[in-house]
Amino acid sequence: MVISGDLVDTPLEDEYDHLVGLLAPLAVRFVAIPGNHDDRGLMRAAFPDQAYAPTTDASGALNMVHAVGEIDVVLIDSTVPGAAHGEIDADTLRWLDATLAASTTRTALLFLHHPPFVTGIAHMDAQNLRNAADLAAILQRHPRTRLVAAGHVHRATLTTFAGIAATICPAPNHAVALDLDARLAPSLKVEPPAFHLHVWFPGDGFGSVVTHHVPIGDFDGPHPFFATDGRLL
Ligand SMILES: [Fe+2]
């Protein structure tokens, strides 16, 4: 499970303590990168088991590569401490370039908090990834990435970036209102919570990824299509 940033709100140490408790029952391993509401130091302290890449100083970006079978899950820190917008710092750009250069055969999936593309929601686009061109150049230099997955906007979105399928994951809490008129005041709505389930299928050209949108909640069903005798119900 990838948590693509904004693990807490303020951020406070108590909030991370609460989150650690919420995540404790998880049966699957999780990896997490910060969003603009996070604090790198507090995150490092709250999740000492996360295998972040070494940095030159303790306040450096929280980047990680996590191998899962034939896949490299690559997570980069797009946060700018104290700011809402995203920008990949020089160390992270170098780390990403070297990480993707480490293989020419393994499929990579890239996760970051700030979308490197516009959504049409103006107040969010104003704080998306500022140096998206730098990211695109690296992805094109090492063409093994099959998905670029972002967060930040709390709303399921699908496009392409540098010729790669690109998504924004919906949120388990509120959604940014779908206002495509820049004159409207920024607002949020409490919409059905959801997450994305990415499924990778091996094949030519690093295989393919299918993204399923999964609502979170208790819903009626499942109801079988067929009776035990094969008759359509
Ligand atoms: Fe965010």
In nanometres, the difference between 0.36 nm per residue of separation and the alpha-carbon distance of Ala122 and Asp91 is 8.2 nm
Between region 5-20 and region 31-110, how many Å separate their Cα centres?
-> 18 Å
Leaving out ligands, DNA and RNA but keeping every protein chain, what accessible area does Val153 have, in Å² rounded to the nearest 10, with a 1.4 Å probe?
-> 0 Å²
If the chain between Arg130 and Ala24 were fully stretched, how many nm would it gain, using 0.36 nm times the residue separation less the Cα-Cα distance?
-> 34.7 nm
Burial order of peptide ranges 16-29, 69-82 (average beta-carbon count within 10 Å, highest first) | 69-82, 16-29
Multiply the residue gap between His174 and Asp229 by 0.36 nm, knock off their C-alpha separation, and tell me the result in nm, one decimal place.
-> 15.3 nm
Here the Cα Rg-to-2.2 N^0.38 Å ratio for region 51-120 is 1.16
Quick one: dipole size for the chain, taken about the Cα centre, charges +1 on Lys/Arg Cβ and -1 on Asp/Glu Cβ, in debye to the nearest 20.
-> 740 debye
Values of log10 I(q)/I(0), in the order q = 0.13, 0.17, 0.19, 0.28 Å⁻¹, for region 78-153 under a Debye, Cα-only, solvent-free model | -0.39, -0.65, -0.79, -1.39
Quick one: which residues, 5 or more positions from Ile33 or on another chain, have an amide H under 5 Å from its amide H? H modelled 1.01 Å from N in the peptide plane, none for Pro or chain starts.
-> Ile3, Gly5
Over region 1-136, what relative contact order in percent results from Cα pairs under 8 Å that are six or more residues apart?
-> 21 percent
For the chain, the per residue accessible area (1.4 Å probe, Å²) is 54 Å²
Find the Rg to Rh ratio for region 130-192, where Rh is the Kirkwood radius over alpha-carbon pairs and Rg uses the same atoms.
-> 1.07
Hydrodynamic radius by Kirkwood for the chain, inverse mean 1/r across distinct Cα pairs, in Å, is 18.9 Å
How much mean residue ellipticity at 222 nm does the chain get from its helices, if each DSSP H run of length 4 or more adds -39500 (n - 2.57) and you divide by all residues, to the nearest 500 deg cm²/dmol?
-> -5500 deg cm²/dmol
Can you list, largest first and rounded to whole Å, the semi-axes you get for region 1-131 by taking the square root of 5 times each eigenvalue of its Cα gyration tensor?
-> 22, 20, 15
Got a number for carbon plus sulfur as a percent of the chain's accessible area, 1.4 Å probe?
-> 59 percent
For Asp17 and Thr160, extending 7 Å from Cα along the Cα-Cβ vector and measuring point to point gives, in nm, a value of 5.0 nm
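The values are calculated or read from the model by the stated rules, or taken from the named source; none is laboratory data. Computed from a prediction, not measured in an experiment: that's the story for all the values here. A quick note on method: Cβ atoms are made from the backbone with ideal geometry, for glycine too, and the neighbour counts reach across all protein chains shown. Heads up: the accessible areas ignore ligands, DNA and RNA and are worked out on the full protein's heavy atoms, side chains in. Shrake-Rupley method; radii C 1.70, N 1.55, O 1.52, S 1.80 Å.
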